[in-house]
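Report on the following structure.
The values are calculated or read from the model by the stated rules, or taken from the named source; none is laboratory data. Note that this is a predicted model, so its numbers are computed, not measured. Note that we place each Cβ from the backbone using ideal geometry, even for glycine, and neighbour counts take in every protein chain shown. Surface accessibility is based on the protein's heavy atoms, side chains included, excluding ligands, DNA and RNA. Shrake-Rupley method; radii C 1.70, N 1.55, O 1.52, S 1.80 Å.
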Amino acid sequence: MDVSGVLEAHKQKFKSVSVEGKVIPLEYDLGLLTAYDQNPIDEAELKKNKDEYLQSLSRDNAQLLFNEIFQLPTISDDNGVMAMLPVPTTLLPREKPLPKPKPETRWEKFAKAKGIVNRKKERMVFDDNTGEYKPRWGYKGINDDGSKDWIIEVPSGANPMEDQYEARREAKKERIDKNDKRRQRNLEEAAVASKMDQKTVNKGERPNMDNARAMKRKEIENQILISKNSTASAGKFDEAIKGDLKPKGIKRKFEPNVTADLSKEKAGNMSILDRVVGKNGEDLVNVRKAIKATKSRK
């Protein structure tokens, strides 16, 4: 039975993997699975049948891209055969700016200066008392500080009537508060580092962390002064509080309406007159500028 005719008819349904007619070879960036076609478009074919021409052009370019992908080295795993893509060569613009480097904590600076390397510890550790593996930290962890002990030995020199369970709980609270204060201090130092001058950052200089608390205190004082002026009287008739901050700045000084010294009153009036009409008959108004302004309005 001759089936060559059937096979040939079936073969003609599919296009060949080889694409011809490209005067300018395509440029590929296989790391991004992209191909760039710089060949000019045939305007006559585009006007004659737009959809068919674009579909044919897209199919040929996609076929050329797949031909290049199939020439890459491959690896096999449980998911199947995969091609090893090269490093992309096209630089794509970022949507958002680069993130700023996170400021180092005091421990990170100390470890860097002393050459201490942070080694990752295993989460589960063996408990000799129970003979089981327990988490190093957290719920049902091995670091429970003996809070579940059914009996506690009274330390030497301690009050025998003191509740040792309560003493352990208080010590744990103090450690938590101490760690929280350290965390707050690191946040304040990071705020100082973020407000550094860009020139200082470019020079690689470190911020003066000793001024972190002073800077935070000054910021709080400014916020308090701003809140004082938020009342209807701008803080003028607010009740004074002991140790309250007083706003600093230029205060207006009003002269009395009636003075015994007439020479001072005359000098004050003459100074006002000089500012209004000019001293020694000089013009205070720029006539040329005023004429230009009037013409532009018209």
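Values for this structure:
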{"item": "Selection status of ILE250, modelled with pLDDT of 70 or more, over 30 Å from THR105 (Cα atoms), open to solvent by 100 Å² or more (accessible area, probe 1.4 Å) and not assigned by the TED database to the domain that holds LEU187", "result": "no"}
{"item": "Matching entry among PRO93, PRO86 (being out of contact with any Lys or Arg (no Cβ under 7 Å at 6 or more places or on another chain) and loosely packed, with under 11 Cβ neighbours inside 10 Å)", "result": "PRO93"}
{"item": "Contacts under 6 angstrom Cβ, first residue in the range 171-189 being in a helix (DSSP H, G or I), partner open to solvent by 80 Å² or more (accessible area, probe 1.4 Å), 6 or more apart", "result": "GLU188/LYS216"}
{"item": "Answer residue from the range 263-298, given it is modelled with pLDDT under 70 and of a type in the set (Lys, Arg) and is least open to solvent (accessible area, probe 1.4 Å) among those", "result": "LYS279"}
{"item": "Count of residues meeting criterion [assigned to a loop (DSSP other than H, G, I, E, B), open to solvent by less than 100 Å² (accessible area, probe 1.4 Å) and among the acidic types (Asp, Glu)] in the range 96-141", "result": "1"}
{"item": "Enumerated helices (runs of 4 or more DSSP H) restricted to the range 3-77, each holding at least 3 residues that are at pLDDT 90 or above, of a type outside the set (D, E, K, R) and open to solvent by less than 70 Å² (accessible area, probe 1.4 Å)", "result": "50-69"}
{"item": "So ARG169, is it more than 30 Å from LYS100 (Cβ to Cβ), at pLDDT 80 or above and in contact with a strand residue (DSSP E or B) (Cβ under 8 Å, 6 or more places away or on another chain)", "result": "no"}
